[in-house]
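The values are calculated or read from the model by the stated rules, or taken from the named source; none is laboratory data. None of these values were measured; they are calculated from a predicted model. Methodologically, a virtual Cβ is constructed for each residue, glycine included, from the backbone with ideal geometry; neighbour enumeration extends over all protein chains shown. Quick note on the areas: whole protein, heavy atoms, side chains included, nothing else; ligands and nucleic acids left out. Shrake-Rupley method; radii C 1.70, N 1.55, O 1.52, S 1.80 Å.
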Amino acid sequence: MPSDVTPAPRPLTAHAVESLRGRVQVPGDKSISHRALIIGALASGITRITGLLEAEDILATAGAIEAAGAPVEKADAEWTVTGRGVGGLCAPEAPINFGNSGTGVRLMLGVIAGHDMRVRLTGDASLSRRPMARVLTPLKQMGLEIEEGEDMLPLTVRGSSSLIPIVYELPVPSAQVKSAILLAGLHAAGETTVIEKEASRDHTERMLRYFGAEVRTTELDGRTAITIKGDGELQAQTIKVPGDPSSAAFLAAAALIVSGSDVTIEGVLVSPTRSGFYQTLREMGGDVEFLNERDESGERVADIRVRASKLKGVAVPAERAPSMIDEYPVLAVVAAFGVGETRMHGLAELKVKESDRLAATVAGLAANGVEALADGDTLIVRGTGKVSGGGTVATHLDHRIAMAFLTMGLASAQPVTVDDARMIATSFPEFRALMERIGAKFGETAGPQR
Ligand code: S3P
């Protein structure tokens, strides 16, 4: 369970290295890990999961479903969830603390909505600043009541065992909102439909189908409608979680920008809704190959081989943003090592992540001598092919800002320091060890500062 006691920040410095080489596996995908636990808790029987991401965000979700009556256990490398059936969870005795995890709290709000129970939800300082209205608005239409709080944590909510099905067009491109509505729709009498303009990650609908729910997807003049039939049954399943492409992104980026590198990351999820980053790297001139492509537990998986490359600036279209939303900070770092301007469009959602990632990325680049600016929802990076580095980056309790700038320091002239590396444990506790295994150098003491 996440703790409320916050120890002191832990700065970390990345130093330039000659080359990065080797084959590695990244831990399980964060989005699929959350969903495996949550959907497992709603199924009848015991769901078995291998490759589950063992990071703070996922442990918070495991704690939440356990508190609601679905035991989670680990034996050897396998996790099991004893499901309680659709609508079968019970009221937790104490508030549920979701730590730093927006996905955990938003998906669980969808689940709680379908149960006649009162639940208090809390989170850390970063999560308590993030907007919840995006999920509460549709869930209230379905029957969720907010007893305490408004748009942000802490919140006390009351669900209902007689939810009303809705048709809802997403005002923001968000898989978390889509998923919360579909999970609530599973508990409603009738059909619930979510309409999205841009395809966001589709793991919830895939996994619900895999567990036996009736879910159909239809195209409506450029938009997608996802419809779930409520009051069905889910049957426990066995799930193998593929490697997380958002974690692999840091290794891939490092291999591209450190000259002489050749790195293969095995068993990574490469479904179209998650691989916009890799497509963009190729457009920049990156030598990025998907090898041995295969299907595992209903998802597309490949080994990703990346070799150091000369890179150029590109324009990244807004429609691609949902398929690489978590990768923009590290893409901006890669762009700084390219030659020319990279323009990344449609990044409004980046402002409401674990930090305002648009502002944090621009500030981090500027602190290391890179010309960058945010023009409305567009991030512009002017790459010159090299980065001076030497700066200290404010991470604002954001794991991806920390990892992106540590990646930068592996190829910049001077070391790069991040003010706090603790939050990396929320999504990728093995980051440092895996990077070091392929040749990266980090140190606790700061390098030369500017
Ligand atoms: C996630 C969806 C994305 C992403 C987050 C994980 C998910 O958020 O940023 O890290 O698992 O559904 P939004 O759906 O809000 O864009």
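Assorted remarks:
- Overall form of the range 394-444 per C-alpha gyration tensor (a/c, 1.5; a/b vs b/c): oblate
- When the pairs 351/441; 229/351; 30/441; 240/351; 140/353; 197/351 are compared against a 28 Å limit on Cα-Cα distance, 351/441; 229/351; 240/351 fall above it.
- Given a 1.4 Å probe and the protein chains as shown, residue 341 ends up with an accessible area of around 70 Å².
- Descending Cα extents along the principal axes, the range 289-372, whole Å: 41, 32, 21
- Cα gyration tensor shape for the range 203-287, rounded if a/c is under 1.5, else prolate or oblate: oblate
- Cα gyration tensor of the range 363-450 - equivalent ellipsoid semi-axes, whole Å, descending: 21, 16, 12
- Nearest-10 value in Å² for the accessible area of residue 116, using the 1.4 Å probe: 110
- Placing a label point 7 Å from the Cα of residue 25 along the Cα-to-Cβ direction, the residues of the range 258-280 whose backbone N falls under 17 Å of that point are 264-270.
- The amide H of residue 416, built 1.01 Å from its N in the peptide plane, has 14, 390, 409 as neighbours under 5 Å, considering only residues 5 or more places off or on other chains.
- Summed over qualifying helices (DSSP H, 4 residues or more, each -39500 (n - 2.57)) and divided by its residue number, the chain shows a 222 nm mean residue ellipticity of -8000 deg cm²/dmol.
- The range 1-118: relative contact order as a whole-number percent, Cα under 8 Å and 6+ apart: 28
- Percent of Cα pairs exceeding the 23 Å cut-off, where the set is the range 151-301: 50
- Size descriptors for the range 34-165: radius of gyration and Dmax over Cα atoms are 14.1, 43 Å.
- Derived value for the range 19-102: Kirkwood hydrodynamic radius 13.5 Å. Basis is the mean of 1/r over every pair of different alpha-carbon atoms.
- Cα-only Debye scattering, the chain: base-10 log of I(q)/I(0) at q = 0.06, 0.07, 0.11, 0.12 Å⁻¹: -0.24, -0.33, -0.82, -0.98
- Percentage, to the nearest whole number, of Cα pairs in the range 338-377 over 14 Å apart: 48
- Estimated inter-spin distance, residue 437 and residue 161, nm [label 7 Å along Cα→Cβ]: 4.8
- Cα gyration tensor category, rounded, prolate or oblate, for the range 124-206 with a/c compared to 1.5: oblate
- Over the range 267-332, the reciprocal of the mean inverse Cα-Cα separation, the Kirkwood hydrodynamic radius, stands at 12.6 Å.
- Relative contact order for the chain: 19 percent, from Cα pairs under 8 Å spaced at least 6 residues apart, divided by residue count.
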